[in-house]
Amino acid sequence: MVNLEKSILKNIYLIIILLFLILSLHRGTFEIAPFIYGAFSIILIFYGHFIIKRFYPNVDKYLFIISAFIVQFGLVMLYRLDLQRAVRQMAWFAVGVTVFIFVLLLFPNIKRLEKYSLTFALLTIIILTLPLFLGREIKGSKNWIQIGSFSFQPSELGKLFIIFYLSGVIKKINDYKDVLRYSIPVVLSIIIFVLEKDLGSALMFFGIFMTMLYIGTSRISYILSGLGLFGIGGFLSYFMFDHVKRRVNIWLDPWKDKYGAGYQICQSLIAIASGGLFGTGLAGGHPEVIPEVHTDFIFSAISEEFGLLGAIALLILYLLLIYRMLRTALYAKDDFSRLVAVGIASMFAFQVFVIVGGVTKMIPLTGITLPFVSYGGSSMTISFLSIGILQKISEVGNSDE
Amino acid sequence: MKEIAMILKFIVIGLIYLVIFRIIKIMYLDLKGINRIKAHKKEFALEINDAPEDIGITKGSLYIIHKVMSIGRNFDNDLVIKDPYVSGNHAKIFVKDDRLFIEDLGSTNGTYVNGRRIDKIEEIEEGDIIDIGRISLKVLE
């Protein structure tokens, strides 16, 4: 097992070196800069893995290994698209690994947070309403806080808070009245998101809530009525809000306005199609014509340059990561930790589904980040924070065996 | 240079799938490991087969063997036999890899498995009769 783990890490290092070798070759001459960048990445993975092995030999190391591997797709893609952003993203990767190690070494047992569910509910609402007052509108969504030159997306942190809140209260649910009472913070957040025009996060909050409710109570009737209400809500918001209507119309037929509103999704589909099975090769395609390719549409760029096989490999890696998270949930010692693990797993699952479904025109496009891959500090930090929390749960779960 | 990059592209995709395959292999081994632990968790016990009435152990009583069970006349043993024919630290029974072993700790009168005196460590199985001093124990699973 240990040997296999080492050879997996060696393979990952080799992949990183090869990817940057391709990048350094693509202009016809050999360049050294991509290798330095790649070496940073290798050092970070090595360091993170070393810390886990040194201090917690019992914990699930694959959570970290798989996430670090997924990060490489984003780093190499960003390096190819936009050097300045790539350097910043590497810094965020370093911050992410640091946060991960901090959570692992210093965080108390997750179970202790169970008592503060009301605090978490309040924090969620406060942090989500902040952009309405302080925020500025970026790309049609008012979901950013800017302090100086540092901007921050509070919905990312809000997701974790709502998971902690729900894990605390779901056990107390006995009938429909309880469901209504405890779902107030979730419903409020979804309304805030719709007002902020951040539909992707609204969808994710709903998905997380439904998953955790089902896992916690195992009653299908709650889920069915939730889906019914969501359907009615979605139908009404289609007529009430212009931005919802516009999104759905673009989704139904992007080609009607292919130089205007539908431009982004059309370019994304063209990029994915031109990739074919094996892809155009790194730096061989033209994904830079897609607007926002470094954040929301990075999956299209990966599909174009790594091909269908590369894109599927990325999705398999997400699948394995989520499987590993659910495994952590199975091994957790108490219900609270178990629900937190399930919540985080469903958060990743819905996030990947919503954005990959969006860029491939399977569902209406809503701008959220692809965890670990998209450019963005908030997303990277929160993703590693979640992995750290799961690692902590797995450590407690394995400790007295 | 472009051609090399083209070839490397296929190598990279191959390697990515190799990593995925290896991770899946580890997870598969991990799942099998869980099943093995669950399926083969054996528990052993000792039943008092025969004992004289004056040593405070009733015939037919059961002693579950956790990882290790020490037998002897001293009070710090797991199974205390107040019999002058039993040594202070007489013998030790332990479980290793789901198998049961008995070790004689240099007793004066010896430990017998199925009527045969044992030297040092010997594996025992369900149904074996162990004689220590004047008492007789039966291994149960």
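The values are calculated or read from the model by the stated rules, or taken from the named source; none is laboratory data. Computed from a predicted model, the values in this text were never measured in an experiment. Here the Cβ is made from the backbone with ideal geometry for all residues, glycine too, and neighbour counts use every protein chain on show. Ligands, DNA and RNA are stripped out before the accessible areas are found, and what is left, the full protein with its side chains, is counted by its heavy atoms. Shrake-Rupley method; radii C 1.70, N 1.55, O 1.52, S 1.80 Å.
Give me a count of the residues in the range B:83-119 that are farther than 23 Å from B:Glu43 by Cα and either touching a Leu at 6+ places or on another chain (Cβ under 6 Å) or not in a strand (DSSP E or B) (or both). Reasoning before the result, please.
Our first condition is that a residue be farther than 23 Å from B:Glu43 by Cα; within the range B:83-119, this holds for B:83-89, B:105-110, B:115-119.
When the remaining residues are screened for being either touching a Leu at 6+ places or on another chain (Cβ under 6 Å) or not in a strand (DSSP E or B) (or both), the result is B:83-89, B:105-110, B:115, B:118-119.
The number of residues fulfilling the criteria is 16.
Each residue in the range A:370-399 was checked for being of a type in the set (Val, Ile, Thr), open to solvent by 10 Å² or more (accessible area, probe 1.4 Å) and touching a Phe, Trp or Tyr at 6+ places or on another chain (Cβ under 8 Å), and 1 of them qualify. Out of A:Ile101, A:Ile66, A:Ile70, A:Ile51, one residue alone is touching a Lys or Arg at 6+ places or on another chain (Cβ under 8 Å) and β-branched (Val, Ile, Thr). It is A:Ile66.
Listed by first and then second residue, the pairs with beta-carbon distance under 7 Å, at least 6 apart or on different chains, first residue in the range A:268-296 and within 14 Å of B:Met6 (Cβ to Cβ) and in the same structural domain as A:Leu365 (by TED's automatic domain parsing), second assigned to a loop (DSSP other than H, G, I, E, B) and of a type in the set (Asp, Glu), form an empty list.
Residues are listed down the side, and each one gets a yes or a no for (1) within 14 Å of chain A (Cβ to nearest Cβ); (2) out of contact with any helix residue (DSSP H, G or I) (no Cβ under 6 Å at 6 or more places or on another chain); (3) farther than 30 Å from A:Gln72 by Cβ; (4) touching a residue at least 60 places away in the same chain (Cβ under 8 Å):
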| residue | (1), (2), (3), (4) |
| --- | --- |
| B:Leu8 | yes, no, no, no |
| B:Leu15 | yes, no, no, no |
| B:Tyr28 | yes, yes, no, no |
| B:Pro52 | no, yes, yes, yes |
| B:Ile55 | no, yes, yes, yes |
| B:Thr58 | no, yes, yes, no |
| B:Pro84 | no, yes, yes, no |
| B:Ser107 | no, yes, yes, no |
| B:Arg117 | no, yes, yes, no |
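A:Thr295 - would you say it is within 27 Å of A:Ser24 (Cβ to Cβ), within 24 Å of the chain's Cα centre (by Cα) and of a type in the set (S, T, N, Q)? Break it down into steps so the answer makes sense when it comes.
On the way: within 27 Å of A:Ser24 (Cβ to Cβ): yes; within 24 Å of the chain's Cα centre (by Cα): yes; of a type in the set (S, T, N, Q): yes.
So A:Thr295 passes the test.
Tell me, which helices (runs of 4 or more DSSP H) wholly within the range A:204-301 include 1 or more residues that are modelled with pLDDT under 90, exposed (fewer than 13 other Cβ atoms within 10 Å of the Cβ) and more than 14 Å from chain B (Cβ to nearest Cβ)? Before the answer, list the steps.
Working: elements: A:220-240, A:242-252, A:263-275.
Filter on the range A:204-301 gives A:220-240, A:242-252.
Any idea which of (1) free of Cβ contacts under 8 Å to residues at least 24 places away in the same chain; (2) open to solvent by less than 50 Å² (accessible area, probe 1.4 Å); (3) touching an Asp or Glu at 6+ places or on another chain (Cβ under 9 Å) is the one B:Ala91 doesn't satisfy? Here B:Ala91 meets the rest and fails (1).
As a summary of the residue check, A:Gly367 satisfies the conditions (1) crowded, with 23+ Cβ neighbours inside 10 Å; (2) modelled with pLDDT of 85 or more; (3) of a type outside the set (Val, Ile, Thr) except for the one numbered (2).
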